Amino acid sequence: MSLEQANVERKARIFNLQKYNMYDGPGVRSMAFFKGCPLRCAWCSNPESQHRGHEVMFKASACVNCGACVDVCPVDIHQMVAGEHKVRRDVQCMGCHLCEEACLHNALKIMGEDKSIDELLAFFDQDADFYRMSGGGITLSGGEALAQPEAALSLLVACHKRGYHTAVETCGYVPTKTLLKVAEHVDLFLFDIKHMDPVKHKRWTGANNELILENVRTLLENGFNVRVRMPLLKGVNDSKEEIDAVIAFFTPYRYQKNFDGVDLLPYHKLGVGKYGQLDLDYAIKDDPSLTEADLKRIKSWIGDADFTVNLVSH
């Protein structure tokens, strides 16, 4: 199969495309959000990104219970129960979008769309001038883009051929072999470090952090560009002891040219409403938001250890 054929036939399952991003890599960026993630972070702001399969998001407040979706769904996901619309979560959505198209009140949205590499390139190409003027490029995010390694690699290779700067935002919980396979075509890894303690990491994300730490170490020791990103939540990973553990781990790399500093990502509530639309419970019960004083203090701890550190607020 030729590269051109592969770019048409190989698909990436995407749940969002975004333009004019200024947070996830240098300059102005376009982003593709890949569906599916190996972690289950309690604070995840994109719950629709976690499962690889198609999913129905249902906004009950917009529904008029007309039943149009019930009539068109080929797998009977939609039901009317006592005159009210319900979504069956025990049935796998096919991703046909018929219900979404039939709903005149924007109460339904199907998450997950299979895009060819050429389709994604066409989207990225729309803003090529912005990338060149701003020093920007494209960023693959998720979910976890590297959970779809073949599609991610094909897209990164094609973007490099166009001269686009490439970044990958990753949780790091992927096989090291996969990471190294794509790394040659990644100009910058935005690498999430959620917790240094393996027990607490598993409690809050569903997985041990041993592989994650091994992977970030491997990237740094092999010359690949890494920017560390730390989501910050009160009572989860904001103590002096926990921040000192991060500092200790990355101190051997802080003066390396390929270590691009630390981004602090304060907790936000932007994705909370999505959980109800997916009939999911939000695991965070008490507000873990940090005050400006808290964030300033944590930033100073890291900065005083001679790290470049940025506070990223969406």
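For the reader, a short list of remarks on this structure follows.
- In this rough spin-label picture, where each label sits 7 Å from Cα along the Cβ direction, the GLU84-LYS269 distance is 2.3 nm.
- Amide H contacts of GLY136 (H built 1.01 Å from N, under 5 Å, at least 5 apart or other chain): VAL28
- Around LEU233: net Lys/Arg minus Asp/Glu count, Cβ-Cβ under 11 Å: -3
- Spatial offset of the range 191-213 relative to the range 286-300 amounts to 21 Å, using the alpha carbon center of each.
- A straight chain from TYR20 to ARG203 at 0.36 nm per residue would run longer than the Cα-Cα distance by 62.4 nm.
- In order through the range 251-260: 3J(HN,Hα) via Karplus (6.51 cos²θ - 1.76 cosθ + 1.60), integer Hz, x for Gly, Pro: 4, x, 10, 5, 9, 5, 4, 8, 8, 9
- Using R0 = 41 Å, the C-beta based FRET efficiency linking ALA283 and ASP71 works out to 0.70.
- Qualifying lysines (Cα of each under 20 Å from Cα of LYS11; at least 8 residues distant if same chain): LYS35, LYS115, LYS161, LYS181
- Average projection area in nm² (convex hull over Cα atoms of the range 182-314, one quarter of hull surface): 9.0 nm²
- 222 nm mean residue ellipticity, helices alone, for the chain (DSSP H n ≥ 4; -39,500 (n - 2.57); rounded to 500): -9000 deg cm²/dmol
- Calculated Cα extents along the principal axes in Å (choose from (i) 62, 52, 34; (ii) 65, 40, 35; (iii) 64, 44, 34), label: (i)
- Each residue of the range 162-167 was assigned a 3J(HN,Hα) from its phi angle through the Karplus expression (A = 6.51, B = -1.76, C = 1.60, θ = phi - 60°), giving 8, x, 7, 5, 10, 9 Hz with x at Gly and Pro.
- Dipole in debye (nearest 20) - the range 55-111, about Cα centre, beta carbon charges: Lys, Arg +1; Asp, Glu -1: 160 debye
- Annotation: extensible slack from LEU104 through ASN310 equals 69.8 nm (criterion: 0.36 nm per residue apart, minus Cα-Cα distance).
- Label-reachable residues, the range 34-72, where backbone N falls under 12 Å from a point 7 Å from GLN92's Cα toward its Cβ: 52-55
A short reminder: the numbers here are calculations on the coordinates, not readings from a lab. Remember, predicted model here, so these are calculated numbers, not experimental data. Note: ideal-geometry Cβ built from the backbone for every residue, glycine included; neighbour counts use all protein chains shown.
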